[in-house]
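The values are calculated or read from the model by the stated rules, or taken from the named source; none is laboratory data. Bear in mind the structure is a predicted one, so any value in this text is a computation, not a measurement. So basically every Cβ, Gly included, is an ideal-geometry build from the backbone, and we count neighbours across all protein chains shown.
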Amino acid sequence: MSNEEKIINYFIKNYKKIGDDCAYLSQTKQLISSDTLVENIHFDLKYFTPKNIAHRLFTANYSDIQSSGGKPKYVLLNLSFPNKNFKFVNQIIKNFNRYCLKYGIEIIGGDTTASDKIFLSLTIMSDVVKKNEIIKRSNAKINDKVYTFSGIGYSKLGYMNIYNNLKLPKNISVFSKKQFLSPKIFTYYDLFKKFKLNSCMDLSDSLLTTLRSISSQSNKKIVLNNLLNINKKLHDYSKNDQHYYSLILSSGEEFVPVFSSPMDLLKFNNKESFKKRGIKLTCIGHIEKGQGVHLKNFNLNKVKIFDHFKSNYSAL
């Protein structure tokens, strides 16, 4: 269990709203979530531009609200930075504001203070959402199919490309760096209302971490069996299936939903509303009675997932 999980579990014992991507405030009928970016942990100034940082801060929070079934609406922005970085941080603010205007988000407040590094913290709230429309990790059902968006894996490959100087085909190299520095922003909260979804979680730390969280909180077993369909280009690039599985399962900061449903959702890939937004669903497994995440002929314990308190993310 990671330090992050230990802290969350400590509070879960006494506060029942904790445990999903968002808490639900029944008094105002809103979802609320918070996230933090720290210099040299989530970004460094050697590779990240102000726009990259603003993009990442916006995307991470925007996806959290959507994966819980809500429409992102309001944000509180907190900034801490050294005085020498004011011009740089000011560019982050301007770029962040552009994203808010583009996606209909209203900035309603925040705070600023001095610090020795750049810290960015965002609290995001949804528009009004009915309680029965909330999608929780704990509601996965036996016989549900497990889905996510096609194409994940490039974010970690981009990280390794930049920091490990990988030798990659030019098209994969360029795209992976772009996906790591500026992950694609998907809008899907309205599309999800067309589905019967039992559980959902935003993919931030890794696909494996996300699946384990859904399994743990729903007390169900997740059996993976279609991972090769997630990213066929990266499968063709990988040395073997084991190498590919490690990459796909450990890639973090993809900011796409991982969800379960009793419905066959692949038919929606033919809908114009999905094609227009670049969304392609892929079924990666199903839910059974039991516990844990399982993939035949592969040791999931060897996957190097992202951990805020370790430095093993650059390995496969």
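Here are a few things to note about the model shown:
- Verdict on residue 142 being of a type outside the set (Asp, Glu) and within 23 Å of residue 224 (Cβ to Cβ): yes
- Filtering the stretch 269-291 to residues that are in contact with a strand residue (DSSP E or B) (Cβ under 9 Å, 6 or more places away or on another chain) and farther than 16 Å from residue 148 by Cα leaves 288, 289, 290, 291.
- Residue check for residue 235: without any contact (Cβ under 8 Å) to a residue 40 or more places away in the chain and either in a helix (DSSP H, G or I) or among the acidic types (Asp, Glu) (or both): yes
- Hits in the stretch 1-40 - residues which are among the small types (Gly, Ala, Ser), within 22 Å of the chain's Cα centre (by Cα) and at pLDDT 60 or above: 2, 23, 33, 34
- Restricting the stretch 179-199 to residues that are over 22 Å from residue 102 (Cβ atoms) and charged (D, E, K, R), the residue that is surrounded by the most Cβ atoms within 10 Å (Cβ to Cβ): 194
- Of all residues in the stretch 212-236 being over 21 Å from residue 299 (Cβ atoms) and touching a helix residue (DSSP H, G or I) at 6+ places or on another chain (Cβ under 6 Å), the one that is surrounded by the fewest Cβ atoms within 10 Å (Cβ to Cβ): 217
A quick yes/no check of all residues on (1) among the hydrophobic types (A, V, I, L, M, F, W, C); (2) over 30 Å from residue 259 (Cα atoms); (3) outside the structural domain of residue 196 (by TED's automatic domain parsing):
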position: 27; (1), (2), (3): no, no, yes
position: 43; (1), (2), (3): yes, no, yes
position: 48; (1), (2), (3): yes, yes, yes
position: 67; (1), (2), (3): no, no, yes
position: 77; (1), (2), (3): yes, no, yes
position: 90; (1), (2), (3): no, yes, yes
position: 101; (1), (2), (3): yes, no, yes
position: 116; (1), (2), (3): no, yes, yes
position: 122; (1), (2), (3): yes, no, yes
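- Restricted to the stretch 103-136, and to residues there that are basic (Lys, Arg) and under 16 Å from residue 196 (Cβ atoms), the residue that is surrounded by the fewest Cβ atoms within 10 Å (Cβ to Cβ) is 130.
- Verdict on residue 176 being free of Cβ contacts under 8 Å to residues at least 24 places away in the same chain, of a type outside the set (D, E, K, R) and crowded, with 19+ Cβ neighbours inside 10 Å: yes
- Filtered residues of the stretch 53-80 (kept if crowded, with 18+ Cβ neighbours inside 10 Å, farther than 16 Å from residue 101 by Cβ and not small (Gly, Ala, Ser)): 53, 56, 64, 65, 66, 79
- Every residue from the stretch 238-265 that is outside any strand (DSSP E or B), in contact with a Ser or Thr (Cβ under 8 Å, 6 or more places away or on another chain) and of a type outside the set (Ser, Thr, Tyr): 247, 249, 252, 253, 254, 255, 256
- Residue 229 fulfils the conditions (1) touching a strand residue (DSSP E or B) at 6+ places or on another chain (Cβ under 6 Å); (2) without any contact (Cβ under 8 Å) to a residue 60 or more places away in the chain except for a single criterion, (2).
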